[in-house]
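Q: A single structure is presented below for examination.
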Amino acid sequence: MRAPNTSRDPNHQPSRLHELSPEEQAAYAQLDPTRIPQHVAIIMDGNGRWAGKRALKRFLGHQQGAESVQFVVETASRIDLPFLTLYAFSIENNLRRPKSEVSFLMKLLKSYLIGNVQRMNDNNVRMAYIGRTHDLPQEVQDTMQWASESTAKNTGTTLTLALNYGARSEIVDAVRSILTNLTTEAHTRGCSVEDLLGAGALDSLDESDISRNLYTAHMPDPDLIIRTSGEQRISNFLLWQIAYAEFLVTDRLWPDFRGLHLLESIAEFQRRDRRFGGLNDTPTDEKIDTLEPADQVAAEISDRLAPQPTPTLSRR
Ligand code: FPP
């Protein structure tokens, strides 16, 4: 969560809220602007079903899904959402979908990037990617690199596309990178990895070391994760990062999802009570004084839990 921009902020950009549609402005008016999430992640699902319902080929569902991407990105940038991450293509999609569909998705991605970089710049959006992108076709990688370089100076929303992404592989890659760094450090210090381990390198390893070695090291963990099309699954998306994210499933299919629905999802997010494993209604010291002593409460509970004599049934 963040405070609204002040004009003394050197990176201050003029508000673009007036660019929202009238429906979006009405939805935004219901939000608490100081509690806009830092990072929203979306599992875009339902392209195939959207097409199937209209007796269209699946490909057309994906094409319509790409249109939704741009609508949602523009709304995100108008409300100054810092990070939006979209699950566009999983490692499992790459391995398990027919080659023709994979190749269509690659072409769609390329044409999406080529066709939208100008709009990204107009909206101050920066493009980034997570995933084993080095395994994508070279021409797609080249276009991706061009799009991220062409938008690198933008300071508004960072749009991250998860491409050839799997959360388990991401964790494997993080472990590999930690081990590689350890080996490099041993080499630099002229000692062995065993020496470093003996000196406590393993004991000092903590959660922040894992986070720092994930693809998402440069961004905050998502506050809100949305999945379209009603499926209640995470599907190997950002497993580490969503430990405390609010999860919202909507029945709406991705090609029907618009900026308005993003704003409605943020409204739902703001209605949730986030506790991060703690208590939001922790009693104050003053209230604690008025509570019954703990041993008295414990005795009452254990009385209530004590086995009761079985009632004898009267025989007739
Ligand atoms: C899930 O729908 C969606 C995908 C596998 C790919 C997501 C791709 C897009 C939204 C379009 C391209 C994106 C960009 C960034 C250009 P599904 O095919 O699994 O739908 P189904 O479950 O209804 O079959």
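A short reminder: the numbers here are calculations on the coordinates, not readings from a lab. Keep in mind the model is a prediction, meaning the values are calculated, not measured. A quick note on method: Cβ atoms are made from the backbone with ideal geometry, for glycine too, and the neighbour counts reach across all protein chains shown.
Q: Of GLU207, GLU300, GLU19, which is the most mobile in a GNM of the chain whose springs link Cα atoms less than 10 angstrom apart?
A: Result for the chain, Cα springs under 10 Å: GLU300 fluctuates most.
Q: Report, in deg cm²/dmol and to the nearest 500, the calculated mean residue ellipticity at 222 nm for the chain, where each DSSP H run with n ≥ 4 adds -39500 (n - 2.57) and the sum is divided by the residue count.
A: Rounded to the nearest 500, it is -14500 deg cm²/dmol.
Q: Next question. Just tell me which lysines come within less than 22 Å, Cα to Cα, of LYS99; anything on the same chain fewer than 8 places away is out.
A: The reachable lysines, counting only those whose Cα sits under 22 Å from LYS99, are LYS57, LYS107, LYS110.
Q: Give me ILE43, ILE171 ranked fewest to most by other Cβ atoms within 10 Å of their Cβ, as a rough exposure proxy.
A: Going from least to most buried by this count: ILE171, ILE43.
Q: I would also like to ask the following. Could you work out the relative contact order of region 43-174? I mean the mean sequence separation of Cα pairs under 8 Å and 6+ apart, divided by the number of residues, in percent.
A: About 32 percent, as a whole number.
Q: With +1 on the Cβ of every Lys and Arg and -1 on the Cβ of every Asp and Glu, and nothing else charged, how large is the dipole of the chain about its Cα centre, in debye rounded to the nearest 20?
A: 1640 debye
Q: Compute the longest continuous run of the chain that contains no exposed chymotrypsin sites (Phe, Trp or Tyr not before Pro); treat a site as exposed when its DSSP state is not H, G, I, E or B and it has at most 16 other Cβ atoms within 10 Å.
A: Between the exposed loop sites, the longest stretch runs 1-239.
Q: Once you've got the GNM for the chain with C-alpha springs shorter than 10 Å, pick whichever of THR184, THR228, THR75 has the biggest mean-square fluctuation.
A: THR184
Q: Counting other beta carbons within 10 Å of each Cβ, put LEU95, LEU109, LEU163 in order, fewest first.
A: Arranged by neighbour count, lowest to highest, LEU95, LEU109, LEU163 become LEU95, LEU109, LEU163.
Q: Of the residues PRO82, PRO98, PRO14, which exhibits the maximal mean-square fluctuation in a Gaussian network model of the chain defined by a 10 Å Cα contact cut-off?
A: For the chain, modelled as a Gaussian network with Cα springs under 10 Å, the answer is PRO14.
Q: If you rank LYS53, LYS107 by fewest surrounding Cβ atoms within 10 Å, what's the result?
A: Ordered from fewest to most neighbouring Cβ atoms within 10 Å, LYS53, LYS107 come out as LYS53, LYS107.
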